[in-house]
Every structure is written in structure tokens, then in C-alpha cells.
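Structure record follows, encoded as C-alpha cells.
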Protein chains: 2
Amino acid sequence: MTDVFKAIADETRRLLLDELLERDEQTLFELCSKLAMRHGLTPTRQAVSQHLSVLEQAGLVRAERRGRYRLHTIDTAPLAQISERWPQREAPR
Amino acid sequence: MTDVFKAIADETRRLLLDELLERDEQTLFELCSKLAMRHGLTPTRQAVSQHLSVLEQAGLVRAERRGRYRLHTIDTAPLAQISERWPQREAPR
DNA sequence: TTGACAGGCAAGCAACCACTTGCCTATTGT
DNA sequence: ACAATAGGCAAGTGGTTGCTTGCCTGTCAA
């Protein structure tokens, strides 16, 4: 539970979720280049790999080996807990 | 935006939001004792004060001086961005 | 008015985190 | 077979963070 919140506390990881939301089953290299192309971020491959591990441990991403590729898939289910925990209401003036 | 995610990445701060959701306009000391009574946490007053500052800077809490008291109020509006950013869908098998 | 109460400021510290570097394993194509 | 490709492991590092300690300010009640 804490893992989910800590996972999305990082901007790079949020961007990774965005990319996976747009298209599932992306490899590490694909995600790396997407970060560079579309967001101007150039972390090393290992850095991105570690981010994906964090997301995976939080249950937000699932990875599947296929040949020499490792395909990553998003799972937004854990995020539902957030809106459940603090339901929306009016902000007091 | 990043502030909101980082704010709720901490368990103590999430508990503070829980308490404020149950009752608004609580003082620092009230929140301290609630953490102790109901959750077994005994951070110092300053620690809790710093947590409240983080929540305030994230727009999740508003504080108002009244006499020698400082009353804290929750604002869950920023949390709505989360469910907006990653809409729910089925997890792939 | 003065002590008690509610809170604020700032420095110091240990743990954590994002990131890099260097090297290694496994799979694929030619 | 072997080079290229995709990814993994682990140690090291600088910056951030959560927390404490010590002292100070402002407000209220007796």
C-alpha cells in the first residue's frame, strides 16, 4: 500500500505509467527512448530499469519475459485505492 | 503537482489527512495526540508540524490562525487529479 | 504581570532514494 | 560460432527527507 504511493511520488515513474497507459507491452529500451523523445529525459537504462522494478513491486506494472524481450504492462487497479480512501468533497472557504 | 504525490507518499501524512477528514479545524496538539492514541505513533510536535507544512504546500491542507490556535482543514481537491490522470480499466491477465 | 500553553525557527543527523558506473548473462540473427 | 541486442547485478555517490534537539515568539488565564 505504501509502495503504491511511493511509486507514483516520482515524476519519471509517472511518465512511465503514462507511456504504458498509451500502449502496453513495451520493452525497457522502448520506454527509455520515449522518455528521451517526448519528455527530454535521458536517464540511463539502469535507472529506468530500477524505476520499473519499483512500479512492479507496487503492483502497478507487470512484466513478462518473451524471448530476449521483457514486456511491461500497466495495471491501474492499485490507484483506485487512492480515490477510495479520500472521497471528493467541497473545499471549505 | 509533484508536491501532492510526495505529500501522500508518507504514512504519517496520510494518517493526518485521515484525521482531518474525520474532523476539520484541528490543532497541532490535537493531531499529535490522535496519532499517538489511535495509531501508536509518537513523533515530536515539530515532526508533525513539518508534516503539516508539507501537506499545506501541496494544497491538501489549509491552516487558519485563531487566537493562539492554528486550525487545520483538509482539501481533497488536489487528489482528484490522480484518478483523472490514470483512469480505471481492466488489468490484463 | 507572569506563568502556562500553542506554536515557530533553525541547525544537525541518520536513513533513504535516484542515479551512475562497470561488469555479467541470455537470446537472436547472420 | 559469434557478434549484436536486450537486459540484470551490485557497489558507490550526492542529494533529499523525516526526525530530533534547543531555543524563541505570541496568546491567554489567574
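What FRET efficiency comes out for the pair B:T2/B:T42, r = Cβ-Cβ distance, R0 = 45 Å, nearest 0.05? All intermediate terms of the calculation are to be shown ahead of the outcome.
Details: r = 30 Å, r/R0 = 0.66.
E(calc), rounded to 0.05, equals 0.95.
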With labels modelled as points extended 7 Å from the Cα through the Cβ direction, what inter-label distance (nm, one decimal) is found for B:A80 paired with A:E30?
3.4
Rounding to the nearest 10 and keeping the result within 0 to 90°, find how far the Cα-based axis of helix B:45-57 lies from the longest principal axis of chain B.
40
Starting from a Cα-only point model with no solvent, please compute log10 I(q)/I(0) by Debye for the range B:44-85 at q = 0.22, 0.27 1/Å.
-0.76, -0.95
What average count of beta carbons from other chains do you get within 10 Å of the Cβ of residues in B:2-10?
5
Expressed as an acute angle from 0 to 90° and rounded to the nearest 10, what is the orientation of the C-alpha long axis of helix A:11-22 relative to the principal long axis of chain A?
80
If each label sits 7 angstrom from Cα along the C-beta direction, how far apart, in nm, is B:L21 from its counterparts in the other copies?
2.0
FRET efficiency, B:R68 to A:Q50 (Cβ-Cβ, R0 30 Å, nearest 0.05):
0.05
Put +1 on the Cβ of every Lys and Arg and -1 on every Asp and Glu Cβ in the range A:16-93; which of A:W86, A:T76, A:S49 then has its Cα farthest towards the positive end of the dipole?
A:S49
Once amide hydrogens are built 1.01 Å from N within the peptide plane, the residues lying 5 or more places from B:T76 or on another chain with amide H under 5 Å from its amide H are A:R89
Contact order normalised by residue count of the range A:2-83, Cα under 8 Å, 6+ apart, percent
35
What residues qualify as long-range amide H neighbours of A:R70, i.e. H under 5 Å apart, gap of 5 or more or another chain, H built at 1.01 Å from N?
A:L28
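Scaled to the compact-protein estimate 2.2 N^0.38 Å, what is the alpha-carbon radius of gyration of the protein assembly as shown, rounded to two decimal places?
Relative to the 2.2 N^0.38 Å estimate, the protein assembly as shown comes out at 1.18.
From the helices alone, meaning DSSP H stretches of at least four residues, give me the mean residue ellipticity at 222 nm for chain B, per-run term -39500 (n - 2.57), in deg cm²/dmol to the nearest 500.
Values: 5 runs with 49 residues, N = 93.
Helix contribution divided over all residues of chain B: -15500 deg cm²/dmol.
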What do you get for the angle between helix B:28-39 and the principal long axis of chain B? Use alpha-carbon atoms, 0 to 90 degrees, nearest ten.
60
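So what are chain A's ellipsoid semi-axes, whole angstrom, largest first, if each one is the square root of 5 times an eigenvalue of the alpha-carbon gyration tensor?
Details: eigenvalues 143, 47, 25 Å².
Output for chain A: semi-axes of 27, 15, 11 Å.
Using +1 on the beta carbon of Lys and Arg, -1 on that of Asp and Glu, and nothing else charged, what's the dipole of chain A about the Cα centre, debye to 20? Spell out each step's value before the answer.
Values: 15 positive and 14 negative charges, 36 e Å.
About 180 debye.
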Shielding by partners, peptide B:75-84 (average Cβ within 10 angstrom, other chains)
4
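Bear in mind that the values in this text are calculations on the coordinates, not laboratory data. Quantities reported herein were computed from a predicted structural model and do not represent experimental measurements. Virtual Cβ from ideal backbone geometry, glycine too; neighbours counted across all protein chains shown.
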